[in-house]
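Here is the structure we will look at.
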Amino acid sequence: MPAQAAAAEHAAATVAGGVDDAAATIAASAGTTWADTMRRKFDLETYTARLSTQLPALKAAAATRGSAAAEARQAETAAEAVMDKAVGTRRTMLARHAAALNAAKLAKKALVAAKKQKPYSKTRVAKATAAVTKAEAAAKNRAVIAQTSAATLKLTQTRHATAEKKLAAATTAHETAVKTVAYAEKRITSYPKDRAALAAQASQLSQAVVTQSRVKFTTTQVYGVTVNRVVALSFQRMIDDAAKSGVKLSGGGFRTKDQQIALRKANGCPDIWTAPSSSCRVPTAIPGRSLHEIGLAVDMTSGGKSINTRKSPAFQWMAANAGKYGFVNLPSEPWHWSITGS
């Protein structure tokens, strides 16, 4: 569980009088949470590095899409202007057609009147008939022009609708690109704080991981080094990243209790079970107290040799980077690294 959730659960248990039960719950989940916290930290590092690499291209894409949106806006404005002009033309043509129809109607009335007028005049009727013919021809011509204006209007409306869709798509694409850039910049900016928070969370859990592992743990091998499964991913990432920097690391991790006893004897400890670590020729923890016995400590080597001096490139790299992977040095032993520094 996250450190905040663990703290809240512990506080609630304290109020209820169940301090021991809450502590047991936290310890039981500490290893899983520590490993998950480190995994999330590594994932965050990888993701942020990828975002940092991609950011220039994301900004370029946003700029390109911004230009495309501006062009689409200009095209839509131009299409709208053409459509508006077509609307005006259509309105004018309809009015002219209506006027031509009315003129034809009046000409027909005039013809009827000419035929009824006394005395009857062939000349007058002929003129009236010619006027009707001319007016009807004009009306028919206006009808054709009106139909053409309708077709033109429909075409401009279609083009405007297409321009609107392109503008909407271009605008959406630009907005998405801008949001993507903003999101990437936000994640990159917040990365140091987020990384520190995860590192702090793992650090706060480290002692609980030790407590849990004293009861039960499993081991696995990472490049031939046996470690507690909880720290396997972190240890592997550390070895891999050191190699990328030109530093070859390995080490001795898990020891059985019998191996710890044998080491105490080999290192000349005055008493196997009671003499302090510092009383041995090489500082060696009392059996049952060493983090090696639960796979949470590694005596680091480089090039097949123990890291015995703080001046070595391997120690310098570890001192600068091991904390990123959850490993802390025991000040009295340059080679000894664990999740608590003990």
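Percent relative contact order of the range 205-273, based on C-alpha pairs within less than 8 angstrom and at least six residues apart?
Worked out over the range 205-273, it gives 22 percent.
Taking θ = phi - 60°, what integer Hz values does the Karplus form 6.51 cos²θ - 1.76 cosθ + 1.60 yield along the range 251-260, in sequence order, with x for Gly and Pro?
Working through the residues one at a time gives x, x, x, 5, 10, 6, 4, 4, 5, 5 Hz.
Taking the chain as the reference, fit the longest principal axis to its C-alpha atoms, fit the long axis of helix 122-215 to the helix C-alpha atoms, and give the angle between the two in degrees, 0 to 90, nearest 10.
10 degrees
With θ set to phi - 60° and the Karplus curve 6.51 cos²θ - 1.76 cosθ + 1.60, what are the ³J(HN,Hα) couplings of the range 230-241 in order, to the nearest whole Hz, using x for Gly and Pro?
4, 9, 4, 4, 4, 5, 4, 4, 5, 4, 5, 5
What number of lysine-lysine pairs in the range 204-327 show an alpha-carbon separation below 23 angstrom, given a sequence spacing of 8 or more or placement on distinct chains?
Lysine pairs meeting the criterion: 10.
I'd like the carbon and sulfur percentage of the solvent accessible area for the chain, probe radius 1.4 Å, heavy atoms only, ligands and nucleic acids excluded.
Details: 11410 of 19370 Å².
So the carbon and sulfur contribution to the accessible surface is 59 percent.
Among 102, 329, 228, determine the one that fluctuates most according to a GNM of the chain built with springs between C-alpha atoms less than 10 Å apart.
Among 102, 329, 228, the largest mean-square fluctuation in the Gaussian network model of the chain belongs to 102.
Starting with the highest mean, order 292-299, 210-217 by the number of other Cβ atoms within 10 Å, averaged over the residues of each peptide.
Ranked from most to least packed, the peptides come out as 292-299, 210-217.
Express the accessible area of the chain per residue in Å², computed with a 1.4 Å probe while the remaining protein chains stay in the model.
Averaged over the residues of the chain, the accessible area is 57 Å².
Which of these values of mean projected area of the Cα convex hull in nm² was calculated from the structure shown: (1) 17.3; (2) 22.0; (3) 32.2?
(3)
How high is the relative contact order of the chain, in percent, counting Cα pairs under 8 Å that sit 6 or more residues apart? Don't skip to the answer; put the middle values down first.
Numbers: 402 pairs, mean separation 62.5, N = 342.
Taking the mean separation of contacting Cα pairs over the length of the chain, I get 18 percent.
Helix-only mean residue ellipticity at 222 nm, the chain, DSSP H runs n ≥ 4 weighted -39,500 (n - 2.57), per residue, nearest 500. What is it? Can you show the working numbers first?
Values: 6 runs with 238 residues, N = 342.
Calculated from helices alone, the mean residue ellipticity at 222 nm is -25500 deg cm²/dmol.
For q values of 0.10, 0.12, 0.19, 0.20 Å⁻¹, compute log₁₀ I(q)/I(0) with the Debye formula on a Cα-only model of the range 43-144, without solvent.
-0.58, -0.67, -0.94, -0.97
The values are calculated or read from the model by the stated rules, or taken from the named source; none is laboratory data. Here the structure is a predicted model, which means the values were calculated and not measured. No Cβ is skipped: glycine too gets one built from the backbone with ideal geometry, and neighbour counts run over all protein chains shown. Ligands, DNA and RNA are excluded from the accessible area calculation, which covers all protein heavy atoms including side chains. Shrake-Rupley method; radii C 1.70, N 1.55, O 1.52, S 1.80 Å.
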